[in-house]
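So the structure is just underneath, and the comments pick up after that.
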Amino acid sequence: MSEEEQVPGHIASDFYLWLWYRSESGRGHIDLDAEEGEGAIDFWVQERLAFRVQGEQKVSAVITGEHPSGSPEARAALTGGKVIRDLRLAMKREDREYQVTLKGPSVEISAAKLPGLVKSGDVAEILYERMYLYEELTWMISALFRRFSTLRSSDQWGRGVLPAMRIWVSGGDEAEGTAGDGY
């Protein structure tokens, strides 16, 4: 990906934080409309969060474990001015569950884990299923990013979402946001 095609670093960090906020506030669920492909996606932060100091690309803190997003260290990193650089995300659509690490300013896909394979069948059948599952994974990430970017570029971001996220980061009771599915 060329520099012109990369997502600005602060946008990727905002996207990762929004995903974390949505999953922790009990709303790691997004219903997609016909324009986005229909269906629903459930998602949650899993096993790994990496932070960086604003203005730098180098990772300065990594929190791993069973539920790193709920740890006091993760919140302390945010309140200390660090931003998210990498995020391990689990996603579910219908009965298929995926895991993926989203990395850096280009929202790079890394360490993807796809649902189980066809147990029997020829090599072509297995390959086509893997291709379908990978395509669905990238579609889900794109759908989440489209939802985020629509929200991020709206007035609702500054008036509702950002203040609610700040309260959530500081450990306040505003985990449920203020209104609407846009969060």
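Of 30, 41, 11, 63, which residue is modelled with pLDDT under 80 and of a type in the set (Val, Ile, Thr)? Quick ask: steps written out before the conclusion?
Values: 30 fails: modelled with pLDDT under 80; 41 fails: modelled with pLDDT under 80; 11 fails: modelled with pLDDT under 80.
Of 30, 41, 11, 63, the one residue that is modelled with pLDDT under 80 and of a type in the set (Val, Ile, Thr) is 63.
Taking region 74-100 as the range and being touching a residue at least 40 places away in the same chain (Cβ under 8 Å), in a strand (DSSP E or B), more than 18 Å from residue 146 (Cα to Cα) and open to solvent by 10 Å² or more (accessible area, probe 1.4 Å) as the test, the residues that pass are 83, 85, 88, 96, 99.
Of all the residues in region 30-73, those that are of a type in the set (Lys, Arg) and open to solvent by 30 Å² or more (accessible area, probe 1.4 Å) number 2.
In region 143-157, which residues are in a helix (DSSP H, G or I), of a type outside the set (Phe, Trp, Tyr) and either under 18 Å from the mean Cα position of the chain (by Cα) or exposed (fewer than 15 other Cβ atoms within 10 Å of the Cβ) (or both)? If the condition is that a residue be in a helix (DSSP H, G or I), of a type outside the set (Phe, Trp, Tyr) and either under 18 Å from the mean Cα position of the chain (by Cα) or exposed (fewer than 15 other Cβ atoms within 10 Å of the Cβ) (or both), then 143, 144, 146, 147, 149, 150, 151, 152, 155 are the ones that fit. For region 122-142, does any single residue satisfy the condition of being in contact (Cβ under 8 Å) with a residue 60 or more places away in the chain, assigned to a strand (DSSP E or B) and among the aliphatic types (A, V, I, L, M)? Checked region 122-142: no residue is in contact (Cβ under 8 Å) with a residue 60 or more places away in the chain, assigned to a strand (DSSP E or B) and among the aliphatic types (A, V, I, L, M).
Scanning region 101-120 for residues that are more than 18 Å from residue 135 (Cβ to Cβ), open to solvent by 50 Å² or more (accessible area, probe 1.4 Å) and part of a loop (DSSP other than H, G, I, E, B) yields 119, 120.
The values are calculated or read from the model by the stated rules, or taken from the named source; none is laboratory data. Since the model is a prediction, treat every value here as computed from it, not as a measurement. Neighbour counts are summed over all protein chains in view; Cβ atoms, including those assigned to glycine, are modelled from backbone coordinates with ideal geometry. Calculation scope for accessible area: heavy atoms of the full protein, side chains included, ligands and nucleic acids excluded. Shrake-Rupley method; radii C 1.70, N 1.55, O 1.52, S 1.80 Å.
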